[in-house]
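What follows is a short report on a single structure.
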């Protein structure tokens with residue numbers, strides 16, 4: 001049957017774009033997170049093959065054939081996430097959208113651009129820049145992550161504070177459903193609704209094209225920074241800065257622990273206080289006005305501003321949050337969205353968690369709206385030390401729990417956060433999405449064994465937290481030794 | 001699995017700091033061509049980690065496809081610049097190639113090239129006495145330079161010495177040196193390969209003899225400043241030799257583009273011709289990212305009367321590879337040429353009528369790509385271009 005499936009797919013996309021080699025299958029069996037090998041007892045992470053269609057039509061053909069064979073299909077782009085969204089659970093086909101990378105022209109009114117799902121954000125940003133335009137927001141992983149990947153998963157990043165979630169920036173989507181139907185879904189579409197395909201991690205189909213709202217490149221843009229000792233005043237400070245209003249494009253906190261870790265890697269900037277960075281964009285007048293307001297707040301609070309060139313240099317580093325991995329050698333992380341007024345408390349608890357487990361922790365907090373903050377907690381580990389590494393993995397769950405205890409939500413679901421899906425999505429929406437799953441993917445071939453609930457390769461639901469899964473896996477491994 | 005050869009090149013933690021973020025995929029010329037994870041730097045690193053994880057009892061075999069992919073790398077090291085954890089990619093790729101070599105896993109093309117370089121002292125397996133074949137038309141002027149004592153030594157390099165199509169590069173170089181009144185020497189048959197093809201595959205121990213020979217011959221002639229057009233020879237003398245031999249080599253190593261800048265600054269090289277022409281400059285990987293030389297070639301071009309320099313979308317540290325490095329030309333000639341064609345296209349996009357580079361291999365690669373893909377744009381080395389202005 002595998003041979004038939006392979007040859008059928010080869011007829012669609014060509015032999016060059018189907019891979020069955022053991023090396024390739026291994027390389028498409030994971031995302032960015034190093035997962036202990038013992039978990040292969042529970043999950044069939046090795047796909048049967050990988051296919052690279054280069055049009056929506058080919059995607060549709062591939063999905064029709066997969067349906068015929070009842071083969072799981074895992075859509076994948078850059079694979080830069082770490083929640084297991086592209087990690088196969090039940091083998092099957094990995095559908096790589098990397099060949100879908102056409103960037104269309106900006107609309108005549110300059111308000112939108114149509115791009116293929118596999119377009120890398122960095123490439124889109126560069127192309128728009130050449131045309132005097134800019135995206136509204138983008139992920140900090142823009143150097144590798146794709147438009148389709150971000151629309152399917154996270155959606156919060158740089159610029160969210162001003163422009164909201166990526167869902168607010170999409171004019172239309174092209175999606176191929178599990179049954180091979182190519183849908184064009186506009187923003188105002190009632191059935192299907194566009195939101196069903198945003199952030200649902202490939203459960204209903206494969207996003208192949210996105211019409212994104214764009215903006216005119218801002219006339220002026222500056223970066224400002226301020227040092228903060230201790231964490232007590234961070235919440236209030238962030239709230240005050242957030243009131244700077246429209247010209248404030250991004251607001252980010254580098255917690256003191258992260259600043260210290262980063263200082264260990266550079267010969268220049270040595271600092272151990274938290275650093276708050278602001279990006280102010282707009283007309284020259286707007287930027288100048290907001291910069292003055294920033295200076296006033298800093299002076300009133302008696303804080304020390306960061307030198308402008310240092311603030312700019314730190315901002316240029318925004319794409320490389322995992323630099324500290326060199327100190328690990330492994331860096332693990334978890335993200336949670338929390339209410340802004342809980343920032344100080346959450347940071348404190350995260351730091352205590354690190355101390356309790358003797359783990360070096362670095363935290364970035366991105367303010368994504370006046371009310372909420374996306375907290376990225378990174379910590380150092382060593383994947384070469386198997387047993388200790390597995391226990392280190394359990395911190396991911398502890399980090400998410402801290403966020404939850406402060407009224408927060410995990411950021412993204414994938415495989416590892418699927419136990420929180422009901423809570424993340426809300427009971428009602430969760431139920432609606434399950435109903436839609438049955439409609440769009442009646443055979444359950446799309447990215448199975450995750451999102452709604454984690455399942456083992458044998459279809460046994462995992463109702464306990466991933467930590468328990470990992471611990472069980474570890475116990476099994478110990479018994480096998 | 002123990003990897004004694006790899007360990008000579010990078011710290012044992014180096015492969016482990018890869019975060020699998022995939023940034024490297026977006027700048028890798030090979031991944032751009034192949035598109036499969038196995039061709040990406042992160043894919044290769046993932047498999048290397050798997051090899052390192054193996055215990056002695058699990059040695060097993062090394063996947064043939066992995067071996068193939070390891071030699072599909074131009075060593076342009078653009079992946080290093082974008083890496084989250086700044087992995088020393090250049091050394092790592094050299095080290096893993098050395099590891100494969102120690103296990104008898106090199107592709108035949110690599111082994112042949114290695115053997116030719118070691119035994120014939122040039123990568124073309126040509127009789128080394130023919131090192132001055134490039135000067136066939138100007139023998140009367142060049143032969144007196146061979147083996148004479150002088151403070152400046154001109155190291156021609158295997159590619160320029162044996163490739164008739166680019167004989168214009170050394171011809172132009174000596175014309176410029178003469179015009180500037182530089183007293184220089186040429187090693188001729190005593191010039192051995194700098195060892196760059198061996199360095200590309202981690203064959204450092206075999207390169208010691210070549211390095212010692214070249215340095216000894218240069219010392220005998222009293223050379224204090226070594227000038228070369230070849231970015232690979234330049235990188236070998238400048239970066240590899242001191243590390244390989246564990247000492248300062250005692251000779252100033254200057255790329256010809258730098259030497260041109262020096263001659264212009266010192267007023268020794270003046271231009272009598274003016275040409276209204278728009279050119280773009282291609283930064284060779286081995287001169288740019290490997291050695292940090294970006295400004296001097298631009299200074300030279302901007303000094304030429306009538307010349308307008310325009311930049312490509314990717315230049316300096318972001319420059320795209322010509323596809324000719326890392327011995328990919330030998331193992332994957334078609335892929336190599338396709339990469340060059342991509343770079344030529346980018347140059348055409350600037351509206352320039354010529355691409356100027358500072359590397360014999362880049363010059364060959366892009367000329368071949370333009371010819372086979374029928375693209376109308378001139379391609380010259382900086383020496384050839386500058387010679388037209390004297």
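The values are calculated or read from the model by the stated rules, or taken from the named source; none is laboratory data. Predicted model, so just to flag it, every value in this text is computed and none were measured. Positions of Cβ are generated from backbone atoms using ideal geometry, with glycine treated the same way; all protein chains shown enter the neighbour counts.
Summary table below
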read-out	value
Residues of region A:320-339 classified as over 20 Å from residue A:423 (Cβ atoms) and more than 17 Å from the chain's Cα centre (by Cα), total	8
Residue within region A:43-53 that is in contact (Cβ under 8 Å) with a residue 60 or more places away in the chain, in contact with a helix residue (DSSP H, G or I) (Cβ under 8 Å, 6 or more places away or on another chain) and crowded, with 21+ Cβ neighbours inside 10 Å present	no
Checking residue B:199 against (1) assigned to a helix (DSSP H, G or I); (2) surrounded by fewer than 22 Cβ atoms within 10 Å (Cβ to Cβ); (3) touching a residue at least 60 places away in the same chain (Cβ under 8 Å), the condition it does not meet	(2)
Any hit, region A:214-229, residues being assigned to a helix (DSSP H, G or I) and over 24 Å from the mean Cα position of the chain (by Cα)	no
Criterion: surrounded by fewer than 21 Cβ atoms within 10 Å (Cβ to Cβ) and either part of a helix (DSSP H, G or I) or within 16 Å of the chain's Cα centre (by Cα) (or both) - qualifying residue of B:205, B:172	B:205
Qualifying residue in region B:68-79 (condition: within 27 Å of residue A:99 (Cα to Cα), surrounded by fewer than 17 Cβ atoms within 10 Å (Cβ to Cβ), in contact (Cβ under 8 Å) with a residue 12 or more places away in the chain and within 11 Å of chain A (Cβ to nearest Cβ))	yes
Residue identified as surrounded by fewer than 24 Cβ atoms within 10 Å (Cβ to Cβ) and either over 23 Å from residue A:281 (Cα atoms) or at pLDDT below 95 (or both) among A:105, A:123, A:129	A:105
Matching residues, region A:425-462, being part of a helix (DSSP H, G or I) and either touching a helix residue (DSSP H, G or I) at 6+ places or on another chain (Cβ under 8 Å) or over 23 Å from residue A:337 (Cβ atoms) (or both)	A:425, A:430, A:433, A:435, A:436, A:437, A:438, A:439, A:440
Tally of residues being within 8 Å of another protein chain (Cβ to nearest Cβ) and either within 23 Å of the chain's Cα centre (by Cα) or in contact (Cβ under 8 Å) with a residue 40 or more places away in the chain (or both) across region B:25-51	2
Single unsatisfied condition, residue B:127 versus (1) away from chain A (no Cβ under 14 Å); (2) closer than 28 Å to residue B:338 by Cα	(2)
Strands (runs of 3 or more DSSP E) lying entirely in region A:287-398 (those with 2 or more residues that are buried (at least 22 other Cβ atoms within 10 Å of the Cβ))	A:330-339, A:361-367, A:372-381
Count of residues meeting criterion [touching a strand residue (DSSP E or B) at 6+ places or on another chain (Cβ under 8 Å) and away from chain B (no Cβ under 14 Å)] in region A:308-333	6
Number of the exception - residue A:435 against (1) modelled with pLDDT of 95 or more; (2) more than 19 Å from the chain's Cα centre (by Cα); (3) over 22 Å from residue A:205 (Cα atoms)	(3)
Enumeration of residues in region A:1-35 that are in a loop (DSSP other than H, G, I, E, B), touching a residue at least 60 places away in the same chain (Cβ under 8 Å) and away from chain B (no Cβ under 11 Å)	A:1
Residues located in region B:99-117, provided they are more than 19 Å from the chain's Cα centre (by Cα) and within 25 Å of residue B:79 (Cα to Cα)	B:99, B:100, B:101, B:105, B:106, B:107
Residues of region A:272-286 that turn out to be out of contact with any strand residue (DSSP E or B) (no Cβ under 7 Å at 6 or more places or on another chain) and either part of a loop (DSSP other than H, G, I, E, B) or modelled with pLDDT under 95 (or both), as a count	1
All strands (runs of 3 or more DSSP E) inside region B:223-305 with 1 or more residues being crowded, with 24+ Cβ neighbours inside 10 Å and not assigned by TED's automatic domain parsing to the domain that holds residue B:195	B:277-282
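Residue-by-condition table, conditions (1) away from chain A (no Cβ under 14 Å); (2) farther than 28 Å from residue B:207 by Cβ; (3) in contact with a helix residue (DSSP H, G or I) (Cβ under 7 Å, 6 or more places away or on another chain); (4) buried (at least 24 other Cβ atoms within 10 Å of the Cβ):
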{"residue": "B:1", "(1), (2), (3), (4)": "no, no, yes, no"}
{"residue": "B:12", "(1), (2), (3), (4)": "no, no, no, no"}
{"residue": "B:19", "(1), (2), (3), (4)": "no, yes, yes, yes"}
{"residue": "B:104", "(1), (2), (3), (4)": "yes, no, no, no"}
